[in-house]
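The block underneath contains the structure these notes are about, expressed in structure tokens.
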Amino acid sequence: MIVAMQEKATEDQIDAVIDALVEAGVNVHRTTGASQTILAAVGQTSNLDPHKFELLSGVLYVHRISSPYKLAGRGFRPEGTVVEFRNGVKIGNQRVAVMAGPCSIENHDQIFETAARVKAAGGTFLRGGAFKPRSSPYAFQGMGIPGLKLMREAADAHGLLTVSEVMEISQIEPMFPYIDLYQVGARNMQNFNLLRELGQVRKPVLLKRGIAATIEELLLSSEYIMAGGNYNVILCERGIRTYETATRNTMDISAIPIVKKLSHLPIVGDPSHGTGRRDMVAPMARAAVAAGADAILVEVHPNADKAASDAAQTLYLEQFDQLMCELRVIASAVGREL
């Protein structure tokens, strides 16, 4: 149930409504927008009478939420969520952010060279995997914390933020000093224990769509993080598994505008995993920006063909430079900036 407060509602009035909701046996999540405060009541709300709360001082309107996701729905933040980072970078506003880097952090020279080129091309995040969930137990599994230390040094040297995948609860705390954005991969989209723990962390989370997940399931997974009080969630469309075999996955571009209609959360397009093919990354990145993506996540490497993981879908640095030029044109055409 959503309780929208009047624009000039006082803190005492807001607190009184929160107390009434808590007394009725529900949990209350508060968000304050540019003009009003929204209170989301979650839990057993079926027996609550909306008219009772409409009569409270300072209340503008009350309505029930029909969708199963209460906090991720657009009604909780009608104006949309903008996730802010420590260096002033924002995701969810007019500017499209770009996250780029290797699938796996391999060594000092690789990550430092990549960071320099990502920054020079206009990127804002350095991505890199330190813990790699590989299909084969014999494949390269990542450098772990030493790799994250290298990425942090490279990012700091070039004024970039960092994003890397967290695979299990035990990794959350050790990763904290080295990353600005936790990434939850497709395999863990429904690892609800991990999502609950990330709800307790006051650092943004990038949540990737599972390979066979519906949009509703993606939003419900984000609900687990937000229910813990961490509202800085960014969704990611990274392709789903279909019967088509021409690409590694089928990148669902339509998911981007659908999510933006249903939810207030920003959404990222990942054309590298979405296609699994280097020649398809640029076209799908352009399409994602045109469809309304708030950021793009791509894999780049100084020697892409010899990357330790995901070589087939990784761009060379020169290809990334060209892509950035193209994305600026697309972003401008749809009224945004890069």
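A few remarks follow.
- Where Ile256 falls short, out of the listed (1) within 14 Å of the chain's Cα centre (by Cα); (2) in contact (Cβ under 8 Å) with a residue 40 or more places away in the chain; (3) part of a helix (DSSP H, G or I): (2)
- Within region 164-186, if we keep just the residues that are among the small types (Gly, Ala, Ser), touching a strand residue (DSSP E or B) at 6+ places or on another chain (Cβ under 9 Å) and free of Cβ contacts under 8 Å to residues at least 60 places away in the same chain, the residue that is surrounded by the most Cβ atoms within 10 Å (Cβ to Cβ) turns out to be Ser164.
- Taking the listed residues His63, His29, the one that is touching a Pro at 6+ places or on another chain (Cβ under 8 Å) and either in contact (Cβ under 8 Å) with a residue 40 or more places away in the chain or hydroxyl-bearing (Ser, Thr, Tyr) (or both) is His63, with no other qualifying.
- Val28 vs. criteria within 31 Å of the chain's Cα centre (by Cα) and not assigned by TED's automatic domain parsing to the domain that holds Tyr231: yes
- Criterion applied to Leu338, Leu327 was being in the same structural domain as Val98 (by TED's automatic domain parsing), crowded, with 20+ Cβ neighbours inside 10 Å and touching a helix residue (DSSP H, G or I) at 6+ places or on another chain (Cβ under 6 Å), and the one residue passing it is Leu327.
- Pairs meeting the criteria (first residue in region 195-224 and within 21 Å of Lys261 (Cα to Cα) and at pLDDT 95 or above, second residue assigned to a helix (DSSP H, G or I) and hydroxyl-bearing (Ser, Thr, Tyr), beta carbons under 6 Å, at least 6 apart or on different chains) are Leu207/Ser222.
- Residue in region 131-152 that is surrounded by the most Cβ atoms within 10 Å (Cβ to Cβ), counting only those that are out of contact with any Lys or Arg (no Cβ under 8 Å at 6 or more places or on another chain) and touching a residue at least 40 places away in the same chain (Cβ under 8 Å): Met151
- Any hit, region 236-252, residues being under 14 Å from the mean Cα position of the chain (by Cα) and either at pLDDT below 95 or of a type in the set (Ser, Thr, Tyr) (or both): no
- Residues that are buried (at least 20 other Cβ atoms within 10 Å of the Cβ) and either touching a Ser or Thr at 6+ places or on another chain (Cβ under 9 Å) or among the polar types (S, T, N, Q) (or both) within region 250-265 comprise Met251, Ser263, His264, Leu265, listed in sequence order.
- When Gly129, Gly123 are checked against the criterion of being modelled with pLDDT under 95 and not aliphatic (A, V, I, L, M), a single residue qualifies: Gly129.
- Matching strands (runs of 3 or more DSSP E) fully within region 141-232 where at least 2 residues are over 23 Å from Asp294 (Cβ atoms): none
- Residue in region 69-86 that is of a type in the set (Gly, Ala, Ser), within 19 Å of the chain's Cα centre (by Cα) and within 17 Å of Asp180 (Cα to Cα) present: no
The values are calculated or read from the model by the stated rules, or taken from the named source; none is laboratory data. Note that the coordinates shown come from a computational prediction; the quantities given were computed from them, not determined experimentally. Cβ: placed from backbone, ideal geometry, glycine included. Neighbour counts: every protein chain shown.
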